[in-house]
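A quick write-up on the structure given underneath.
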Amino acid sequence: LNQPLMVIFEDLHWIDGESQAFLNLLADSIGTSRILLLVNYRPEYRHEWGNKTYYTQLRLDPLGKESADEMLIALLGSDPELAPLKRIIIDKTEGNPFFMEETVQVLLDEGALVRNGTTKLTKPLRELRIPPTVQAILAARIDRLPPEQKDLLQTLAVIGMEFKLGLVRQIWRPPATSVIANAHPTATTRPLMMSRNGADPETSDLESMLSELQLGEFIYEQPAVGDLEYTFKHALTHDVAYNSVLIERRRLLHERIGSTLESIYRENLSDHLAALTHHYARSGNPGKAVDYCRLAIQQSEARGSSTEAVALFETGLELLQKLPDDDSRADRELDLRNAAYGALGDTKGLASAEVERSIERALALCQRPGINWEKSWWALFGIFFVQQLRPDVRRAEAIASELMARAEERGADGLLAEAGNWLAYTKMVAGDFAAAAHAFDRTWTVLESITRAATGLTDKEVARISQAQAAVQRFYTLENNRILSGWNLWFLGYPDRALERMNAAAAIPHYSSKSLLGDLHGFASYIFELRRETRQMRARAEARLAIATASGLFTGRALSEIYLGWADVLDGDLEGGIARIRTPMSQLKTGGSEYITDRGLSFVATALGRAGRFDEALATLEEAFLFIERTGQRYYQAELHRLKGELLLGHGVANAAAAERSFHTALDISREQRAKSWELRAGISLARLLRDLNRCEEARQLLTEVYGSFTEGLDTADLRDAKVLYQELNA
């Protein structure tokens, strides 16, 4: 606000998923800001900014002759005697600045160039041996280092591109001491050798050698809080140094680094999971690598980085192949698959073939003796979600009941609440709203008991409680119970209480992942759609879409687009809205999920009717009816029959009798399901038809019965419509 700002991101080809998500949001938000965002990257990097009017791309070609001359004057001076050397350097390096710089440095290292106020060439040009590639130059420069400096540089390369001085002190041993340490593998401390001024000579030597490596421009010191921090000058410098380490020594170094990280960061290992996974994966300890990989998956998913979690999962599966095929490996694989289930579902689709294969493998692993029952419970829970999203409501309800029975048998209240929530959900989508309400309330009682028991616990105490009873039940299940039961309350005829439950879910203090926050916005958009509050529905769908896009959440992105398409229809863009609804519905179906088909088809049919395409609209509704019979998902069944009646009337007054039958069917179904909100809509539609057929008393009696049963939500669109029609009929 005070002055223009320049923000620079370098080397985007190495960017991690979370930083990329942040950068995408930043790039989207600076169009009208006084911010210059500069980025650089290699050609293989891809982004979506090219269509922005405020984006300009500049190709960074090798330096031209004039610029190369200018750079070499800065490096070597302007002595005319060096002009032939400069021409050779430019020809060899083809204007690559880093290659030019390293060429000058290697000539200085070997004494072909000397600096003493000015730079002088000490050898004839014909005797110069300039390596043909920058990698070869770097390898030559590393080979010329004194043995201890070379050993240190290689150790630094194994630590990583960046490293702290404190960590290096713990890991590096001079070559002579390394022999002693290897001869005594049980030793945990090095001999204490003090110099006359009280400083550890190894520490003094280390800092001296780090300074020499800086002078040689292999590494740089960089600003950091607390401990000194260094970075390699260039990724190629790091790569060449790393590849110069013998494989066996590299493996031992990785294990030593992993062990050191565990020791010095034991109080906050969660901040170093990626590094621990990296080092143990390249050590001789793949078992530890898999364990840290699982923890890193859970952390990535909690941070909303599902793509990164899936990549870690694939790494973990590869690491498992290095372990013997025994019960221990099976247990680790089961842990990996259970941990990665959510991330796989977010990126591939919760009912996709990839997810189903992974869960079926998890269930097969559960058959091995000695597998923890709770791990098998979570594997079965994954199958529940596949069936729920296909959807196969009857199968999903049966699995949810089995999950409850298993949790009840073990006295695991947290898992009981989790299963109870989703059993209630299956009853809701089956159209049994009263039974669903009872199940939601029963689950809430269990959740309140868990929450009371957990109140006052310290973070360490909470961490010792099982994941099911602490992280999942206290936050995720509390949130889901409020939002799902609120949705169910709307069907039962309590639109205000539905809104209250949604707000209660948003107010629950938690540490939910971005995926769960997206779900919260998603269910809120469903409730606002039912309340016919288009502006709020659009806002929540857009919020979910932003989270889903940034985090790579496949299902969340598709569902958001469907509701935004419906918002477009309601705002008058019929054709655009239809296309926006159909595309993600097709994507979800390809991913194995059709559970929003009934709603999506009702949106499309309504839009087609508004466009006067009644035959297409009625055919679309027939698809929805077939879907209901195939899946058992009946919570939109009454509304679909009402919409059929409206479309028949729109097609022509000759269809009045058929429309009346459809409205009566909608009324019968809604009354059977105790779905008072659907009953109200069906009642309004039928009352209007009866009015138009001059059966006003019949219409008035029907509306009096339906409208009079509501005790809340009188300012919602449906009840306002009912009131206007009721007053008209009374008049």
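Please state which one of E255, E221, E262, E229 is in contact with a strand residue (DSSP E or B) (Cβ under 8 Å, 6 or more places away or on another chain), surrounded by 14 or more Cβ atoms within 10 Å (Cβ to Cβ) and charged (D, E, K, R).
Working: E255 fails: in contact with a strand residue (DSSP E or B) (Cβ under 8 Å, 6 or more places away or on another chain); E221 fails: surrounded by 14 or more Cβ atoms within 10 Å (Cβ to Cβ); E262 fails: in contact with a strand residue (DSSP E or B) (Cβ under 8 Å, 6 or more places away or on another chain).
One residue alone meets the criteria, E229.
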Residues within the range 108-141 that are open to solvent by 50 Å² or more (accessible area, probe 1.4 Å), over 26 Å from A157 (Cβ atoms) and touching a residue at least 40 places away in the same chain (Cβ under 8 Å), tallied:
4
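Quick test for you: out of G345, G431, G382, G420, pick the one residue that is in contact with a Phe, Trp or Tyr (Cβ under 6 Å, 6 or more places away or on another chain) and farther than 19 Å from G632 by Cβ.
Details: G345 fails: in contact with a Phe, Trp or Tyr (Cβ under 6 Å, 6 or more places away or on another chain); G431 fails: farther than 19 Å from G632 by Cβ; G420 fails: in contact with a Phe, Trp or Tyr (Cβ under 6 Å, 6 or more places away or on another chain).
Going through G345, G431, G382, G420 in turn, just one is in contact with a Phe, Trp or Tyr (Cβ under 6 Å, 6 or more places away or on another chain) and farther than 19 Å from G632 by Cβ: G382.
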For the range 396-441, name all the residues that are polar (S, T, N, Q) and under 22 Å from E672 (Cα atoms).
T426
Here is a list: E594, E629, E639. Which entry is closer than 30 Å to A437 by Cα and without any contact (Cβ under 8 Å) to a residue 12 or more places away in the chain?
E629
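Can you tell me which residue within the range 693-704, out of those that are touching a residue at least 12 places away in the same chain (Cβ under 8 Å) and open to solvent by 10 Å² or more (accessible area, probe 1.4 Å), is farthest from A717 (Cα to Cα)?
Here the residue is L693.
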Some residue of the range 653-662 being more than 30 Å from L499 (Cβ to Cβ), among the basic types (K, R) and open to solvent by 20 Å² or more (accessible area, probe 1.4 Å):
yes
Output the residues belonging to the range 599-645 that are among the aliphatic types (A, V, I, L, M) and assigned to a loop (DSSP other than H, G, I, E, B).
A611
For K644, are the conditions met, namely being touching a residue at least 40 places away in the same chain (Cβ under 8 Å) and either surrounded by fewer than 17 Cβ atoms within 10 Å (Cβ to Cβ) or among the basic types (K, R) (or both)?
no
Taking S306 and the conditions (1) under 17 Å from R332 (Cα atoms); (2) crowded, with 20+ Cβ neighbours inside 10 Å; (3) under 17 Å from the mean Cα position of the chain (by Cα), which numbered condition does it fall short on, given that it satisfies the others?
(1)
Single condition S709 does not satisfy, out of (1) touching a residue at least 12 places away in the same chain (Cβ under 8 Å); (2) loosely packed, with under 15 Cβ neighbours inside 10 Å; (3) in a helix (DSSP H, G or I)
(3)
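Can you say whether L363 is open to solvent by 30 Å² or more (accessible area, probe 1.4 Å), in contact (Cβ under 8 Å) with a residue 60 or more places away in the chain and out of contact with any strand residue (DSSP E or B) (no Cβ under 9 Å at 6 or more places or on another chain), as far as the supplied structure shows?
Numbers: open to solvent by 30 Å² or more (accessible area, probe 1.4 Å): yes; in contact (Cβ under 8 Å) with a residue 60 or more places away in the chain: no; out of contact with any strand residue (DSSP E or B) (no Cβ under 9 Å at 6 or more places or on another chain): yes.
So L363 does not fit the description; no.
How about the range 524-535: which of its residues are open to solvent by 30 Å² or more (accessible area, probe 1.4 Å) and either of a type in the set (G, A, S) or touching a residue at least 12 places away in the same chain (Cβ under 8 Å) (or both)?
R532, E533, T534
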Considering each residue of the range 715-731, count those that are loosely packed, with under 14 Cβ neighbours inside 10 Å and outside any helix (DSSP H, G or I), and give that number.
2
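Looking for something among the aliphatic types (A, V, I, L, M) and modelled with pLDDT under 95 - is there at least one such residue anywhere in the range 597-608? First the steps, then the outcome.
At the first step, the residues of the range 597-608 found to be among the aliphatic types (A, V, I, L, M) are 601, 604-605, 607-608.
So of that shortlist, the ones also modelled with pLDDT under 95 come out as none.
Within the range 597-608, none of the residues are among the aliphatic types (A, V, I, L, M) and modelled with pLDDT under 95.
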For the range 663-692, which residues satisfy the criterion of being open to solvent by 30 Å² or more (accessible area, probe 1.4 Å) and more than 47 Å from the chain's Cα centre (by Cα)?
R688, R691, D692
Which numbered condition E461 fails, given (1) open to solvent by less than 50 Å² (accessible area, probe 1.4 Å); (2) among the acidic types (D, E); (3) modelled with pLDDT under 75
(1)
Provide a single number: the residues in the range 202-218 that are part of a helix (DSSP H, G or I), under 18 Å from I142 (Cα atoms) and open to solvent by 20 Å² or more (accessible area, probe 1.4 Å).
5
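Kindly evaluate A289 against the criterion of being part of a helix (DSSP H, G or I), surrounded by 17 or more Cβ atoms within 10 Å (Cβ to Cβ) and modelled with pLDDT under 90. Spell out how you get there, then give the answer.
Values: part of a helix (DSSP H, G or I): yes; surrounded by 17 or more Cβ atoms within 10 Å (Cβ to Cβ): yes; modelled with pLDDT under 90: no.
Taking the combined requirement at face value, the residue does not satisfy it.
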Just checking, which of K322, K375 is among the basic types (K, R) and in a helix (DSSP H, G or I)?
K375
Which condition from (1) loosely packed, with under 12 Cβ neighbours inside 10 Å; (2) not in a helix (DSSP H, G or I) is the one that A74 breaks?
(2)
Failed item in (1) surrounded by fewer than 12 Cβ atoms within 10 Å (Cβ to Cβ); (2) touching a residue at least 24 places away in the same chain (Cβ under 8 Å), with T103 passing the rest
(1)
Can you name every residue in the range 426-457 that is surrounded by fewer than 24 Cβ atoms within 10 Å (Cβ to Cβ), of a type outside the set (A, V, I, L, M, F, W, C) and either modelled with pLDDT of 95 or more or more than 28 Å from the chain's Cα centre (by Cα) (or both)?
K427, D432, H438, D441, R442, T445, E448, S449, R452, T455, G456
Of the residues that sit in the range 582-598 and are open to solvent by 10 Å² or more (accessible area, probe 1.4 Å) and assigned to a helix (DSSP H, G or I), which one is farthest from R642 (Cα to Cα)?
T590
Restricting attention to the range 345-355, which residues are crowded, with 21+ Cβ neighbours inside 10 Å and modelled with pLDDT of 85 or more?
V355
When residues of the range 553-581 are limited to those that are of a type outside the set (D, E, K, R), over 19 Å from A611 (Cβ atoms) and part of a helix (DSSP H, G or I), the one most open to solvent (accessible area, probe 1.4 Å):
F554
Just name the residue that is modelled with the lowest pLDDT out of those in the range 219-257 that are among the small types (G, A, S) and assigned to a helix (DSSP H, G or I).
A235
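The values are calculated or read from the model by the stated rules, or taken from the named source; none is laboratory data. Only a predicted model underlies this, so the values are computations on that prediction, with no experimental measurement involved. Glycine gets a Cβ as well: all are built from the backbone with ideal geometry, and neighbour counts include every protein chain shown. What goes into the accessible areas is simple: the full protein's heavy atoms, side chains included, and nothing from ligands, DNA or RNA. Shrake-Rupley method; radii C 1.70, N 1.55, O 1.52, S 1.80 Å.
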